[in-house]
Amino acid sequence: MSQSLPTGTVTFVFTDIEGSTRLLHELGPDYHEALAQHHRVLREAINGAGGREVSTHGDAFFAVFTEADRAVAAATAAQQQLAAQAWPGDRELRVRMGIHTGLGVIGADDYVGIDVHAAARVCSAGHGGQVLITRAARDAILTETPLLELGHHVLKDLEEPIELFQLAVDGLPQHFPPLKTLTNTNLPEPPTPIIGRTREVHYVRELLLRDDTRLVTLTGTGGSGKTRLALEVGRELVEKFPNGVTFVALGGINDASLVVPSLGEALHVEASGGRSLEEALHDHLRERRMLLILDNFEHVLGAAPLLARALAGAPGVTVLVTSRERLHLSNERELTVPPLSPTEAVALFTARARAALPTFEDDELDREAIEQICRRLDGLPLAIELAAARVKLLSPRALQGRLGRRLQLLTGGARDLPERQQTLRATIDWSYELLEPTEQRLLARLAVFANGCTLEAAEEVCEASLDDLASLVDKSLLGRDDDGDELRFVLLETIREYAFERLRELGEVDEVRRRHAEHYLAFAELARDELRGAGQSRWLASLDKEHPNLRAAAEYVRRAGDKEVELRFVSALWFFWIVHGHLTEATATVDRALEGSSTQPAALRADALKAGAALAHRMGDTRRAKLYAKESIDLYRELGDLGGEASALTTLGGVALVEGDGTRARQLYEQALGLARALDDPFRLASALGNLGYLLLMEGDNGRAGQLFDEGLMVFRRLSSEEGVARSELNLAFVAWQKSAFKESEALMKDALRRFTGIGSREGIAYCLEGLAAVAVSRTDYVRAARLLGASAAVFESLELNLDPFELALHGWTVNEARGQLGDEYATEHAAGRALPVGPAAEYALADDVVLAGA
């Protein structure tokens with residue numbers, strides 16, 4: 001076959017069916033017929049345009065064309081024919097396609113080389129019905145072809161970002177979800193496809209793209225679909241904003257003062273160097289062009305002035321808000337989300353009914369009943385979904401009768417609420433009162449969870465049974481999220497608010513909140529102990545997922561005035577806060593916990609002071625770090641706690657190092673190391689070895705530094721501490737770099753980078769990017785160095801952290817070398833690196849497979 005394949009400059013086309021595995025399960029034996037039909041359409045299009053079929057694997061085609069125009073013609077014809085087909089089972093078969101022009105090189109019996117790989121990756125980035133074209137293919141097209149610009153994207157296993165275009169096929173959809181390469185958005189994945197809302201999505205989308213629009217607020221009652229509409233608009237606009245779309249969920253908080261930390265967390269911004277977090281946020285947003293989606297703002301309306309200040313200082317930022325009521329800000333544009341149209345409402349009911357009962361089929365009388373149900377529910381999506389879930393037990397006609405009687409009973413809602421809100425409350429009341437008493441009590445108790453919960457948490461805090469949880473899921477009152485690692489249960493915000501009212505009526509708020517706090521304190525303290533060992537990555541991920549619950553539990557304890565438990569929370573969570581970058585919120589939490597804690601047990605206060613010292617040190621607040629560290633050392637010495645003393649001495653040594661007092665830092669580090677050795681505490685020993693080694697590295701004693709780092713690395717490996725191993729490897733990489741052993745240095749840095757990425761340490765990732773930039777300069781790859789420096793700078797700025805002393809000196813050398821070689825090109829490449837989000841930046845840093853010369 002290889003002898004007849006064209007070589008030289010050719011155009012490759014890859015295709016495959018979106019969701020082919022799902023189709024196989026849905027269609028059963030009919031899938032083979034659909035696949036054969038798909039093959040006929042593809043082959044006719046390829047052959048008709050003069051292409052060659054290179055290979056076929058299952059539902060995937062690989063074809064080659066001597067001209068890019070012929071490839072485009074084949075893709076156009078194939079998509080049009082696919083859309084026109086009647087498929088088995090009335091299913092829609094959607095095919096994604098990728099087109100790339102490059103060098104056709106034959107190896108064995110097939111094409112080989114990076115261009116084939118690129119074409120396959122481009123196909124994988126798209127969605128069913130979408131045709132993606134690379135810049136190389138676009139430049140090779142000779143005829144006028146309608147293309148949409150999609151910008152530059154980083155594709156898996158490809159070192160350089162690649163510019164992509166979308167072929168606009170006449171008569172077929174032009175709008176698709178964000179490409180699967182996009183990582184500049186944190187939009188949640190909706191659990192179900194949106195039904196209806198075409199007009200609203202278009203209107204809000206166009207409104208947000210207007211130059212005179214800065215703030216749009218979607219208002220409406222709970223359950224009207226505000227969040228779902230905002231998400232759909234956000235997905236359509238990802239490519240329109242150079243800095244992407246960021247989603248901030250505010251439903252889990254009810255204190256306006258927590259809006260700033262929530263924004264900081266979503267935008268990866270922290271305060272440091274004497275600047276408040278709000279000031280850091282203003283600086284972060286000032287030069288950006290992005291869409292910010294703030295969900296459930298009605299909980300924190302007191303933060304509206306903050307939003308006004310942020311908009312005033314960030315002309316490129318546009319904000320989309322969902323709220324039960326408008327914010328009353330200047331230039332705010334309000335859109336009250338209307339009910340679904342009758343047609344949309346019926347379509348939603350039918351879709352959700354079939355999801356609940358796959359065998360659901362409606363006759364003419366049922367359709368009339370469904371129309372009446374949707375009309376009585378005023379076209380509110382949540383109310384319709386709750387009713388549709390009942391088809392497992394009741395036919396639409398039976399539902400209509402019960403719902404009608406129930407709504408007549410429950411129309412006496414507060415007169416100052418919108419009519420639709422009264423209807424929604426009646427609908428939830430109806431669903432609630434159909435529950436068994438144990439299910440009602442469980443639903444009410446579940447309201448205490450801020451971000452859902454595990455099965456274990458529901459059992460312990462709410463005395464839940466698995467049967468009752470499953471029943472609430474079946475009745476669409478409770479969501480089920482199974483990410484493969486653990487099963488979680490989540491309440492919609494509207495249901496959670498309703499459930500909390502019921503909890504108040506039961507008189508159980510304090511009791512259930514107390515159990516909630518006890519559960520998460522035990523979880524935090526268990527995690528603290530496990531973070532030193534083999535499960536570090538898993539426990540860090542679990543702490544991150546439970547952070548809203550941990551925050552809610554700690555806040556309840558603070559408001560309850562239980563200072564002892566408040567201090568225990570701080571002592572358990574400080575390491576997690578540092579690794580995952582929750583520094584601003586953590587610092588405030590520690591400071592509040594320490595206020596008025598002088599009468600608390602000395603051991604608890606000492607641990608909290610040690611945590612506060614470590615956080616202040618990371619934030620650059622040396623005065624507070626020294627104050628807390630010294631007081632904690634005094635307490636630990638009174639208690640005879642040598643381990644605590646060693647940790648606090650380490651922090652104090654780090655402060656001395658930053659202040660340039662190397663002699664004092666050495667004294668403190670050696671004291672900490674001596675205590676750790678005397679205690680036979682492996683974790684503290686490895687940490688102390690690393691700190692003293694870092695000081696020696698700064699002083700140029702590479703031999704001794706390397707010995708200490710090696711010893712610490714062996715200890716961390718025995719402990720299976722991913723963070724400790726990564727830190728040790730990075731330090732050893734710096735030693736190797738100073739010895740001009742660049743190959744060894746790069747290997748160590750890349751392994752450290754993989755580990756830091758695995759545990760979610762953005763600070764660690766940034767340090768690795770800095771080190772790899774220096775390695776790139778050492779092998780004269782100045783473009784790569786500039787991009788890595790830009791990527792590192794973006795991460796450090798988002799964290800509002802400064803480089804440590806050794807890395808700061810290395811950074812200056814790297815910048816001078818790269819800028820001196822690149823000249824004006826340096827700024828361009830640095831900016832390209834800054835534009836990379838953390839994940840793609842790490843992938844870019846790891847993708848370089850160049851074999852280095854040298855030791």
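For the reader, a short list of remarks on this structure follows.
- Gyration tensor (alpha-carbon) shape descriptor, the stretch 602-721, a/c threshold 1.5: oblate
- Span from the the stretch 652-667 Cα centroid across to the the stretch 90-110 one, whole angstrom: 59
- Taking a sphere under 15 Å around the Cβ of VAL10 and counting the other residues whose Cβ falls inside, with K and R at +1 and D and E at -1, yields a net charge of -4.
- Solvent exposure of HIS268, expressed as accessible area, is near 80 Å², computed with a probe of 1.4 Å over the protein chains only.
- Peptides 44-50, 201-207 ranked from most to least packed give 44-50, 201-207, packing being the mean of other C-beta atoms within 10 angstrom over each peptide's residues.
- Heavy-atom accessible area ranking, 1.4 Å probe, most first, across ILE162, ILE384: ILE162, ILE384
- Over the C-alpha trace of the stretch 599-647, radius of gyration and Dmax come out as 10.2, 29 angstrom.
- Relative contact order of the stretch 519-637, defined on C-alpha pairs under 8 angstrom at six or more residues apart (%): 22
- With the alpha-carbon atoms of the stretch 349-407 aligned to their principal axes, the span from lowest to highest coordinate is 28, 22, 17 Å, starting with the largest.
- Descending Cα extents along the principal axes, the stretch 19-58, whole Å: 35, 15, 13
- Calculated over the stretch 635-695, the projected area of the Cα convex hull averaged across directions stands at 3.7 nm².
- Three-way shape call for the stretch 205-327 based on the alpha-carbon gyration tensor, with the a/c threshold at 1.5: oblate
- Cα-based values for the stretch 573-658, radius of gyration first and Dmax second, are 11.8, 33 Å.
- Gyration tensor (alpha-carbon) shape descriptor, the stretch 1-160, a/c threshold 1.5: prolate
- Mean Cβ count within 10 Å, highest first, over the residues of peptides 98-111, 501-514: 98-111, 501-514
- You can think of it this way: the chain between ARG704 and ALA398 has 102.0 nm of extra reach, that is 0.36 nm per residue less the Cα-Cα gap.
- Ordered by solvent-accessible area of protein heavy atoms (1.4 Å probe), largest first, the residues TRP574, TRP430 come out as TRP574, TRP430.
- Each peptide in 130-140, 619-629 gets a packing score, the mean of other Cβ atoms within 10 Å over its residues, and the list from highest to lowest is 130-140, 619-629.
- Once C-alpha pairs closer than 8 Å and six or more residues apart are averaged by separation and normalised to the residue number of the stretch 457-611, the relative contact order reads 17 percent.
- Calculated FRET efficiency for the pair GLN821/ALA60, C-beta based, R₀ 30 Å, to 0.05: 0.10
- Amide H contacts under 5 Å for GLY104: GLY8, THR9, VAL10, restricted to partners 5 or more places along the chain or on a different chain, H placed in the peptide plane at 1.01 Å from N.
- Karplus-based coupling profile of the stretch 571-583, in residue order and whole Hz: 5, 7, 9, 5, 5, 4, 4, 5, 4, 9, x, 8, 6, with θ = phi - 60° in 6.51 cos²θ - 1.76 cosθ + 1.60 and x standing for Gly or Pro.
- Size check on the stretch 186-242: the Cα extents along the three principal axes, sorted descending, read 31, 23, 19 Å.
- Computed E for GLU459/ASP69 - FRET, C-beta separation, R0 60 angstrom, nearest 0.05: 0.40
- For the chain, the relative contact order is 7 percent, taking Cα pairs closer than 8 Å that sit 6 or more residues apart in sequence and dividing their mean separation by the residue count.
- Residues whose placed amide H lies under 5 Å from that of GLU270, excluding near-sequence neighbours: LEU799, GLU800
- Taking amide H as placed 1.01 Å from N in the peptide plane, ARG333 has its amide H under 5 Å from the amide H of LEU215, VAL216, THR217, each at least 5 places away in sequence or on another chain.
- Cut-off 13 Å, label 7 Å out along Cα→Cβ of ARG559, residues of the stretch 441-481 by amide N: 448-450
- Rounded Å value of the spacing that divides the Cα centres of the stretch 721-798 and the stretch 1-74: 42
- Annotation for ALA522 and ASN47: the two label points, set 7 Å from Cα along the Cα-Cβ direction, are 6.9 nm apart.
- Once the Cα gyration tensor of the stretch 132-290 is diagonalised, semi-axes √(5λ) in Å: 32, 23, 14
- Each part reduced to its alpha carbon centroid, the stretch 315-337 and the stretch 289-311 end up 8 Å apart.
- Compactness of the stretch 512-605 as Cα Rg over 2.2 N^0.38 Å, two decimals: 1.03
- Estimated translational D of the stretch 512-567 in µm²/s (Stokes, Kirkwood radius over Cα pairs; 25 °C; 0.890 mPa s): 211
- With only the Cα atoms considered, the chain has a convex hull volume of 185 Å³ per residue.
- A 1.4 Å probe run over the protein chains yields, for the chain, 42 Å² of accessible area per residue, whole-number rounding.
The values are calculated or read from the model by the stated rules, or taken from the named source; none is laboratory data. Keep in mind the model is a prediction, meaning the values are calculated, not measured. With ideal geometry, Cβ positions are generated from the backbone for all residues, glycine too; neighbour counts draw on all protein chains shown. To get the accessible areas, we keep the full protein, side chains included, count just its heavy atoms, and leave off ligands, DNA and RNA. Shrake-Rupley method; radii C 1.70, N 1.55, O 1.52, S 1.80 Å.
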